[in-house]
Amino acid sequence: MAVKERGAGSSAPHATMAGSSQPYDVLILGAGLSGLATAYYLKKTQPEWSILVVERSGTAGGLTGNWIDHRFGPDKKLQMPMHMVFRQKYKNLLKLVDEEIGGSLSPLYKGYTIITGDGQRHRLAMEDWTARRLPPPFHALGMFAKLKMPLREKWDLFKLACVSTYCAKEILEGKQEPRRVPNTLSLESLELILNMGAKSRDFLEAVTPSIYNLHPWYTSAPRMAGVMAGTMTLSKDSLHYHVFAKNYNAAFIDRFVARLQEMGVEFRFWTEARRLEAAADGRRVERVWVRPYGPEHPQARRYVCENCGAENYLLDRAFCTRCGRDTTLDRVRSGEIAKPVARELWFDAEAGGCVPLECRRLVTAMYPHMIARLLPAGSPLRRHPYVRSFFSARGNQTQLSVGRVYYRKPVTRGDGEITGTHNPYLCFNGCQSVYNNFGGADLGYEGDVVDVLLDVGVIRDAHTQEEQIQRILFDLQRVYPDADPALAEHVSFADIYPDVLYLSEQPAIAGLHRFFDTHRTGAENWYVAGCHSGTIGIGMESAVQSGMATVNCLL
Ligand SMILES: Cc1cc2nc3c(=O)[nH]c(=O)nc-3n(C[C@H](O)[C@H](O)[C@H](O)COP(=O)(O)OP(=O)(O)OC[C@H]3O[C@@H](n4cnc5c(N)ncnc54)[C@H](O)[C@@H]3O)c2cc1C
């Protein structure tokens, strides 16, 4: 994807910030990857425009960047390297990292182990002569041959891979949908349609969410299974995880922010947007009300979230900017907050200490449920179809949550290998040892820390925390057989955005706005960036791509 040449569209500075002499042309809400990408491509094409990025937490990067656990004291922070990059899918992100901002990406895992339902461990790595000598998709023959399943089932998988190669190629070339893989209800139906054996379906079920962050129950699972198989057979590289070297923030996000500042983009951290105000006819956003509340505010007080370890400040609200845990009421009871903000954040914004930012153009670079909170009941902005759908969404919530185990001693893993498991409780990347990735000196923790992503909120809710801990320890031992559960010091859960992250039923916010890719809201000066509006599914590439596309719409 490319961004329009400089000069397209109008460029006269127009917006002003109330109470300030400095005009801003574009206001961006959210300093996640999509907000940063929007600011970058906008400033590159329109260097004379003034841009302000408003961010409610203390750091940029959003879901990717702010993963430091402060619970072990100021000198002992754990940074969670949960993010992985797929080299041939993440073209725009990698261009940004490698060529524009300058970060350090290294392939961390050479192979991938999948544990299927029957307990078999399958090693996925293209290192044999077929991978070296044969063209795709045949270079994957050796890998398929090593799977521990009957020959006929391996052959079924290979056939699927051949069909999918074509589809995956189309996706990688920027065309959206794979056309030739059935998009039916479940992997079971794929099994019936393609007459696949149970073991090959089991394999797909295990490998698909592990690599693509989709639960197999999702309707798109068969399609993604096909894409997965196709991607593997297109490129050997698809099996390698690329992770930002060392501290992700320092390696990339901090550098990104510094670069934007050099270019003249301004940032306001610890500033929460609380209300979008429209012109009476609802055709434009007139101003945004924001509440500064960080360390520079004389009444604000620092606290560390008990749930996820993020650093926060409380003023009229105690809301964790990372996991969304709201402890305002507890703190009102304990006297830490004298006058809480109303539940509707927009309620009498001015009396609530908010300041208005007048804007000519607004880009919201955040998830729809975050935007929905900024729109007062009765706001004419709610009439636009895009916005209306935020409020009409119905669906069961699927929470995304991180389980973290602190070990007294390091646990081991295969050299250069990452492990995914079949268990839906751990259906993302299986288990990763933070310690092994980053080293003790970086972490200030002598033992080992293992993070586990729990994707299936519906199932999670059906069990007590004690049961979940037992399951995590059980699964850890399947992945790291020498991890003695008795050595676990502490297990914690961090619920990420409990409001909503992914919704499992349609129509639902996430479902409606995935792949939405127009970036227009209906209000003439309000544009939407954010990974949910990109074309390749929720993720970092989508966030960057959405920033580029938003700039194209805006110019
Ligand atoms: C645990 C986990 C693991 C993941 N692993 C991967 C992976 O391996 N690979 C991958 O590609 N993707 C992964 N993702 C997804 C990826 O992190 C996101 O898709 C991407 O970072 C989203 O970027 P964004 O800019 O759209 O949104 P966000 O990162 O959510 O940015 C939104 C920003 O807006 C700010 N904000 C919200 N409300 C307000 C307000 N009222 N006022 C001011 N600011 C506000 C937020 O603080 C945030 O900084 C993972 C996500 C999680 C949670």
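Remarks
- Candidates P135, P150, P107, filtered to the one that is at pLDDT below 80, surrounded by fewer than 16 Cβ atoms within 10 Å (Cβ to Cβ) and either over 27 Å from D202 (Cβ atoms) or not assigned by TED's automatic domain parsing to the domain that holds E446 (or both): P107
- Hey, A258 in the same structural domain as G62 (by TED's automatic domain parsing), of a type outside the set (F, W, Y) and either in contact (Cβ under 8 Å) with a residue 40 or more places away in the chain or in a strand (DSSP E or B) (or both) or not: no
- Taken together, the residues in region 249-299 that are open to solvent by 20 Å² or more (accessible area, probe 1.4 Å) and farther than 28 Å from N525 by Cα amount to 8.
- Scanning region 116-126 for residues that are open to solvent by less than 60 Å² (accessible area, probe 1.4 Å), in contact with a Gly (Cβ under 7 Å, 6 or more places away or on another chain) and part of a strand (DSSP E or B) gives a single hit, L124.
- Hey, V355 surrounded by 17 or more Cβ atoms within 10 Å (Cβ to Cβ) and modelled with pLDDT of 85 or more or not: yes
- Residue list for region 327-343, filter: open to solvent by 80 Å² or more (accessible area, probe 1.4 Å) and within 16 Å of the ligand (Cβ to nearest atom): R343
- Among the candidates Q470, Q506, Q477, the residue that is modelled with pLDDT under 70 and open to solvent by 70 Å² or more (accessible area, probe 1.4 Å) is uniquely Q506.
- With respect to the conditions (1) within 16 Å of the ligand (Cβ to nearest atom); (2) under 23 Å from the mean Cα position of the chain (by Cα); (3) modelled with pLDDT of 75 or more, I51 falls short on a single one, namely (2).
- Residue match in region 329-346 (condition: within 18 Å of E272 (Cβ to Cβ), touching a residue at least 40 places away in the same chain (Cβ under 8 Å) and in contact with a strand residue (DSSP E or B) (Cβ under 7 Å, 6 or more places away or on another chain)): yes
- Restricting attention to region 520-535, the residues that are more than 9 Å from the ligand (Cβ to nearest atom), buried (at least 21 other Cβ atoms within 10 Å of the Cβ) and modelled with pLDDT under 85 total 0.
The values are calculated or read from the model by the stated rules, or taken from the named source; none is laboratory data. What you see is a predicted model; the values in this text were computed from it and never measured. Glycine also receives a Cβ, built like all others from the backbone with ideal geometry; neighbour counts cover every protein chain displayed. With ligands, DNA and RNA removed, areas are computed over all heavy atoms of the protein, side chains included. Shrake-Rupley method; radii C 1.70, N 1.55, O 1.52, S 1.80 Å.
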